[in-house]
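K.L.:
Take a look at this one; I'll ask things after.
The values are calculated or read from the model by the stated rules, or taken from the named source; none is laboratory data. Keep in mind the model is a prediction, meaning the values are calculated, not measured. All Cβ positions, even for glycine, are placed from backbone atoms using ideal geometry, and neighbour counts span all protein chains on display.
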Amino acid sequence: MQALAENGVRQLCITVGFEADRVRTAAAAAVRRLGLKDFHVSFVDNPHYRDGSLVSLHVQAALMTMGETVLLMDGDVLYDPRMIARLFRGEHEGVLLVDQELEPGDEPVKICFDAAGRIVDFRKVPANPYVRFGESVGFFRFSGALAKDLAERCAWYVSQGLVKTEYEEAIRDLILAAPGRFAAVDVTDLPWTEIDFPEDVIKARDAVLPQLKDGLGVPA
């Protein structure tokens, strides 16, 4: 929240499902502790949170179709706050953050590039030819028009009953349809980790938190 506020973001809308009340309580406590002014936090419930993450994005359709710039951020990432500033770099409609030091395996979502640096695929297991790739942090910036297109693409998946789909597939569709709308910004030099498994908690505690002052997401 502090990183967002320091970069001019004034509205945060969190999709909640599992343990929703605990998330609301924690968010309210954070706002009080940080003393954030003119920073509004709201919540959208996703009763089908056991489905794919695309459904959690789909329930944010009202916000995504307002015509405003939208940041999309996974909620399970511990990260250096300088990443937020990098989301605002460049003139492209869509910005993805990429870490070139990819962890091995099929779990990381990969941003794949051709020889000219254009994004040619965006998946855990790429299907298109590429010359290099990096890992997606799970943070994105979309223009108002692109956010609307993304909302419409999510709605299509839901209308087809494809509710087990992950949201990356909807973004991938837009990238493949018009790759010139997107660019990737490198954050390989910044500490971060996605927390999916018990070993990720250990990495967050032992490797990432020591690089962040007091574990509050403030550069040391």
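K.L.:
Working only within the range 188-201, note down all residues that are among the β-branched types (Val, Ile, Thr) and either surrounded by fewer than 12 Cβ atoms within 10 Å (Cβ to Cβ) or assigned to a loop (DSSP other than H, G, I, E, B) (or both).
P.N.:
THR188, ILE195
K.L.:
Might you check whether a residue that is of a type in the set (Gly, Ala, Ser), touching a helix residue (DSSP H, G or I) at 6+ places or on another chain (Cβ under 6 Å) and not assigned by TED's automatic domain parsing to the domain that holds GLY8 occurs anywhere in the range 99-119?
P.N.:
No.
K.L.:
While we're looking at this one, here's another question. Go through ALA116, ALA29 for me and flag whichever is among the aliphatic types (A, V, I, L, M), farther than 30 Å from VAL131 by Cβ and out of contact with any strand residue (DSSP E or B) (no Cβ under 9 Å at 6 or more places or on another chain).
P.N.:
Only one candidate qualifies: ALA29.
K.L.:
For the range 98-107, what are the residues that are modelled with pLDDT of 90 or more and in a loop (DSSP other than H, G, I, E, B)?
P.N.:
Scanning the range 98-107 gives GLN100, GLU101.
K.L.:
What tally of residues in the range 175-187 results from selecting those that are under 16 Å from the mean Cα position of the chain (by Cα) and either surrounded by fewer than 13 Cβ atoms within 10 Å (Cβ to Cβ) or part of a helix (DSSP H, G or I) (or both)?
P.N.:
Counting residues in the range 175-187 that are under 16 Å from the mean Cα position of the chain (by Cα) and either surrounded by fewer than 13 Cβ atoms within 10 Å (Cβ to Cβ) or part of a helix (DSSP H, G or I) (or both) gives 1.
Condition check ((1) touching a residue at least 12 places away in the same chain (Cβ under 8 Å); (2) surrounded by 13 or more Cβ atoms within 10 Å (Cβ to Cβ); (3) of a type in the set (A, V, I, L, M, F, W, C); (4) under 20 Å from LEU54 (Cβ atoms)) across all residues:
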position	(1), (2), (3), (4)
LEU87	yes, yes, yes, no
VAL98	yes, yes, yes, no
GLU103	yes, no, no, no
ARG123	yes, yes, no, yes
ALA127	no, no, yes, yes
TYR130	yes, yes, no, no
VAL137	yes, yes, yes, yes
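K.L.:
Name, by its number, the condition in (1) part of a helix (DSSP H, G or I); (2) under 11 Å from the mean Cα position of the chain (by Cα) that does not hold for ARG86.
P.N.:
Only one criterion is unmet by ARG86, namely (2).
K.L.:
Residue under question is VAL95, and the condition is that it be assigned to a loop (DSSP other than H, G, I, E, B) and either β-branched (Val, Ile, Thr) or not assigned by TED's automatic domain parsing to the domain that holds GLY8 (or both); does it hold?
P.N.:
Considered against the rule, which asks whether it is assigned to a loop (DSSP other than H, G, I, E, B) and either β-branched (Val, Ile, Thr) or not assigned by TED's automatic domain parsing to the domain that holds GLY8 (or both), VAL95 comes out as no.
K.L.:
How many residues, within the range 1-49, are touching a residue at least 24 places away in the same chain (Cβ under 8 Å) and of a type in the set (Lys, Arg)?
P.N.:
Of the residues in that region, 1 qualify.
K.L.:
Return the residues of the range 6-54 that are over 17 Å from ASP74 (Cα atoms) and under 17 Å from the mean Cα position of the chain (by Cα); say none if nothing qualifies.
P.N.:
Within the range 6-54, ASN7 is the sole residue that qualifies.
K.L.:
Can you tell me which of (1) farther than 18 Å from GLU107 by Cα; (2) outside any loop (DSSP other than H, G, I, E, B); (3) not basic (Lys, Arg) is the one VAL163 doesn't meet?
P.N.:
Of everything listed in (1) farther than 18 Å from GLU107 by Cα; (2) outside any loop (DSSP other than H, G, I, E, B); (3) not basic (Lys, Arg), VAL163 misses just condition (2).
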